């Protein structure tokens, strides 16, 4: 099976993004990993997403929806969660389906 088949990388609604930083190490996503993001899926509680908050840089976080509120949580306690407040502009770019890590020499 090819990577294209496994991760549907050639589908128009799927893209790759490179992770910068270690805020998601608890989920097994490390600095410089590639993530496979599906824009066609609706994000659900507890899923890892790529999001933009208030027109900032895209971030990769775990999505929590509780009691009408929304939180984007890092998977490393050194990084604070982002609680979405009234008036914030949150755009979910997609749901992370896979992460890929290079193990050989660059």
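The values are calculated or read from the model by the stated rules, or taken from the named source; none is laboratory data. For clarity, every value in this text was computed on a predicted model and none was experimentally measured. Note that each Cβ is placed from the backbone with ideal geometry, even for glycine, and that neighbours are counted across all protein chains shown.
Here residue 74 qualifies as surrounded by 10 or more Cβ atoms within 10 Å (Cβ to Cβ), touching a helix residue (DSSP H, G or I) at 6+ places or on another chain (Cβ under 9 Å) and either closer than 16 Å to residue 56 by Cβ or without any contact (Cβ under 8 Å) to a residue 12 or more places away in the chain (or both). Elements of the type strands (runs of 3 or more DSSP E) sitting completely within segment 5-84 and holding at least 1 residues that are under 29 Å from residue 104 (Cβ atoms), under 15 Å from the mean Cα position of the chain (by Cα) and at pLDDT 95 or above: these cover 14-18, 34-38, 48-53, 59-66. Number of residues in segment 86-106 that are surrounded by fewer than 11 Cβ atoms within 10 Å (Cβ to Cβ), more than 23 Å from residue 32 (Cβ to Cβ) and either touching a strand residue (DSSP E or B) at 6+ places or on another chain (Cβ under 9 Å) or in contact (Cβ under 8 Å) with a residue 60 or more places away in the chain (or both) equals 1.
Residues of segment 15-25 that are touching a strand residue (DSSP E or B) at 6+ places or on another chain (Cβ under 8 Å), surrounded by 16 or more Cβ atoms within 10 Å (Cβ to Cβ) and free of Cβ contacts under 8 Å to residues at least 60 places away in the same chain: 17, 23, 24.
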